[in-house]
Structures are given as C-alpha cells and as structure tokens.
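> Sharing a structure here in structure tokens format.
Only the coordinates and a few stated rules stand behind these numbers; no lab work does. Remember, it's a predicted structure, so these values are computed and weren't measured experimentally. Backbone-built Cβ (ideal geometry, glycine too); neighbour counts: all protein chains shown.
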Amino acid sequence: MRPPQFWSNPPQAPGVAARLLAPLSAFNAQNTARRVAREPDILPDIPIICVGNLNAGGTGKTPTVIALAERLQGAAPHIVSRGYGGDLKGPVLVDQAQHDAAAVGDEPLLLAAFAPTWVAKNRASGVRAAIAAGAGVVILDDGFQNPSVAKSLSIVVVDGARGFGNGRVIPAGPLREPVAVGLARADMLLVIGGAASQSQFETVWPDLPYLPLLRGVLEPLETGMEWNGIRAMAFAGIGHPEKFFATLRGLGANLIRAVPLDDHQPLTDGLLRRLELEAAAQSAQLVTTEKDATRLPASFRQKVLTLPVRLKIKDTAAIDAALADLKLN
C-alpha cells in the first residue's frame, strides 16, 4: 500500500489533511514517547548497534546493516531482526537452506548471508540468544523506538531525497515520532542519496539537532553482469521501488516496463505467472532486487536476474571513531 501523497509535502506546507489529522498524530507521538521512556529489559555486556529510522517504511536500513556486518567481520557480529512478514516468533537462527521468507521474512534471509541472523519478535530474547551463541556485537535491524534493549550506538537512517516528509507523525505524516525528539536519542544521522539528494536534504532540513552526520550512497555491486542495452522488465517490492528502477536505467538497461509492488508483497504464483508471460511477450528479461529475490520460489529464481546494491559511506571518520569507542575485539 502506497503512502498518501501529502506525506511528501514540504514541512513548511504539510497540507490540509495533515492539519486535520494532527490530533491523532499527537496521540501517537505521546504513545511513542511513553514507550521509549521505559527502562530496558536487558543491559547487554557486549556492544549493541541499532540501525533505525524515524520514517515508517524504507530508508536504507538493510544496506546499512549489511555494511556494518561486513565492516565488523572479526568481531563476531550477529544481527537481530523482528522478521517482518515472517510467521516464526523466535528467537530462531535463520538458516537459508531451511527457512523461507514466509517463515522468517525477506530481510533476515538476505542478512543471513552476511552474518548470523536471528529473528525475534521480542528483541530482548533475540539479543540474549545471539549472546548465548557467541556474538561479540549485535546489530539491531530496526528497533530504534523499541526500549527493550539498551543500545551502545544508535544510527538513524534517512533517505536524502524524501527527508522526513512533511515532518508530521503518523497518520498526518510518515514519522514514527517527531524529528527533534527522535534525533535527541540518536548518536548519528546517516543520509543516503547522491549529491542532489544530499543538497536537497540540507535545504529542506537545515536546523536539525546537532549530531555526527554520515553521508552514503547506494551503488550497484560489480558482479560482471553487463546491464547496458539489456531489455528488462523490472519488479520491486521495496520501500521505494522507483529508486531501483532508476538504478537500472542509470546502468543503461532498456527498461521496457517497471512494476512497483508493495513493500514485502508476497510473490504469488499468479503474479509471477503474469510477469513471466508479459516479459516473454516483450522479449524482456525479468529483473528484481536482492530482497525481492528471497521471496521467489526456488523453481522461479533462475528466470530472474538480481541487481544487488551496497552502501558506500563517503567519509568514514565518524563511524570509525564511534566503532573504536565500542572497543570491539
């Protein structure tokens, strides 16, 4: 389900609907404030790095978790995820050979390729399981508004082009909590996007509370695949599918059709059959994201190409210093 258009209005002009919904937003903001003020259930004796956001929906958390897991190799990183869309409550260690997205969710299946990944609806239980299994550091995938685990380092991720939308809390806007309130608990702000998006973010959000700022960009992973000129029919069920389609076009692909799906949308047999028939009729190759590929049935995966992307942080000095302060072995 796509968010309402007025969520994307500038904060200076949030729109009539946002103003009408303001009382509900205030109620939700108060509930979140009460929740995050609770004492944590667990005070781990290993570092806990939380990758979260203020916006509902995709901002680039998954690529950020992957980048941290790769950077922390050697420190025995484990990942703990809620496993959105999966049936298992956990805590359970994700096994790519045994689990599918219906059981553990698509993001944990992807993350499990980079570090041991635990699905746990109760994040404190997931962290306890990771520590018992030998984790030297835990990366929390989301959970910034969840107080059950004390965090050592909290990184808030935001899409530079979208920023914090109209600056209002759900349902008047896209936020889980007010910007100033959320950033006051954060240790770092990571803005993801190219030069134009970074500049736009600075223009629209010039007066944020001070905290170290990281700038990152999502870049296609070099796999040896030649995308230039390929006739492609792309589909994507991520937070902002249009970004994936733009990346394909930027690589020179001839995008015959782009099919946006809802985030985490199940890839049913009927949907895949329609995509396959349309691609064949257009003499086009089906292409999707890494995350969507985890939801494909095994029998269908050989019919679809995957374009992986990775987060590249422009200046790593701030994150290097923060990780050094955690005294990881």
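> Mind jotting down the distance between the C-alpha centroids of the stretch 10-77 and the stretch 146-186, whole Å?
One Cα centre to the other: 5 Å.
> I've got another one for you. For the ranges 39-52, 295-308, what's the packing order if you count other beta-carbon atoms within 10 Å of each residue, average per peptide, and put the highest first?
Details: 39-52: 18.2, 295-308: 15.1.
So the order, starting with the most tightly packed, is 39-52, 295-308.
> Now for a separate question. By the scheme Lys and Arg +1, Asp and Glu -1, what is the net charge of all other residues having a beta-carbon under 11 Å from that of Asp106?
-3
> I've got another one for you. Using a cut-off of 16 Å between alpha-carbon atoms, which aspartates and glutamates can reach Lys327, once sequence neighbours fewer than 8 places away in the same chain are excluded?
Asp45
> Once Rh is set to the Kirkwood radius over Cα pairs, what Stokes-Einstein translational diffusion coefficient, in µm²/s, holds for the stretch 67-110 at a temperature of 37 °C and a viscosity of 0.692 mPa s?
On the way: Rh = 11.1 Å.
D, rounded to a whole number, is 295 µm²/s.
> How big is the shadow of the Cα convex hull of the stretch 109-240, averaged over all directions, in nm²?
11.2
> Could you list, in their original order, any pairs among Lys121/Lys243; Lys89/Lys291; Lys61/Lys243 whose Cα atoms are separated by more than 26 Å?
Table pairs above 26 Å Cα-Cα are Lys121/Lys243.
> Quick check: from the Cα gyration tensor, does the stretch 7-122 come out rounded (a/c under 1.5), prolate or oblate?
Prolate, because a/c is 1.5 or more and a/b exceeds b/c.
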